[in-house]
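Peer 1: Next up is a structure, given as structure tokens.
Nothing in this text is a laboratory measurement; each read-out follows from the coordinates by a stated rule. This one's a predicted model, so the numbers in the text were calculated from it and none came from an experiment. Note: ideal-geometry Cβ built from the backbone for every residue, glycine included; neighbour counts use all protein chains shown.
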Amino acid sequence: MSVPVLVKHLVQADECKTQWLNTMLATAVEACRFEKVPGVRIAPLSGPRTRFSGCVDRWNYEWAIQLSISVGFWRKEEIASVYIHECAHLMVINEERARGVYTLAHGPVFFLTNLVLCSRVDAACNLPRSLVRLVGLYDFQDSPFESWPEARWRSSVVHFAFKNYARLADSDLSAEAVAREAWNLWEIEREDLLCRDQAKIAEIKEKNRLVDECDDLKAKVNELERQRAVSFGWRFLFGIGWAGLILPGFLFLAIYTSGVASIAYTAGLHRLL
């Protein structure tokens, strides 16, 4: 048996539209398994081009969300998507208050909670388009790591959410319990990501240190080669200098010996030997 959504009007609206909204959201509300069904406050549109929008007041403890819906353009899947989106905010904010902490509005915990609720609605409702397909970059626009580049933290958040949402969607957990479990899962995931990030930083630092050591060794080898070349040059010059002094004496002795031998051979003295 579905529980009706309490609808309040801040602008003039008839009961037919209230009943239509209740009927349209009935299956979605039942699929989400709320412990306490969030109410709806219908508010004026924020601008002339706005068809529908929603919001949750973080500091208002009323268990309700605010919807601004165009009277002339009511599309089921978009309204259901906005309602589920704001309900996910409400679940996460309620868990924040219980933990005494503050998280990002469109961070990993919200993104996972929203995906789970949308998946449950898609499994139970026959909407023109699935709500999961309407989830976009807007739903995880807040970075959980300030120093990380956008591509890196976005891929980490998407991986975290899609790794866990199917299991939570198929579980018997209530919507409030899903938000609680999303918190617990993100705390573990965040610690793991930070540890892996620190390990990667340490690995990069170690590689840089080894590269610096290799560069230092190369510089030392080059210096030794240079010193060896300089030392060889000095030894070569030293040897040439002594050769310049010694060689003339050896050359004169060779010429003298050759001359005596030639004269002795010419005189036939070799026959007497």
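Peer 1: What ranking of Ile188, Ile42, Ile84 emerges when the number of other C-beta atoms within 10 Å of each C-beta is taken as an exposure proxy, fewest first?
Peer 2: Ile188, Ile42, Ile84
Peer 1: Using a Förster distance of 45 angstrom, determine the FRET efficiency expected from the C-beta separation of Lys76 and Asp142, and round it to 0.05.
Peer 2: Once rounded, the FRET efficiency stands at 0.95.
Peer 1: Ok, one more. To the nearest 0.05, what FRET efficiency results for Glu223 and Gln198 with a Förster distance of 41 Å applied to their C-beta separation?
Peer 2: Given R0 = 41 Å and the Cβ-Cβ separation, E is 0.65.
Peer 1: Can you tell me the order of 19-25, 53-59, 156-162 when each peptide is scored by its average per-residue count of other Cβ atoms within 10 angstrom, highest first?
Peer 2: 156-162, 19-25, 53-59
Peer 1: With a cut-off of 20 Å, note down the residues of segment 116-154 whose backbone N falls inside the zone around a label point 7 Å from the Cα of Lys205 toward its beta carbon.
Peer 2: 146-149, by backbone N distance to the label point.
Peer 1: If I model a spin label at Cys16 and Lys163 as a point 7 Å from the Cα along the Cα→Cβ vector, what separation in nanometres do I get?
Peer 2: Taking the two extended label points, one gets 5.2 nm.
Peer 1: Quick check: Cα centre of segment 115-152 to Cα centre of segment 212-229, how many Å?
Peer 2: 57
Peer 1: For segment 86-211, report the % of Cα-Cα distances exceeding 20 Å.
Peer 2: 48
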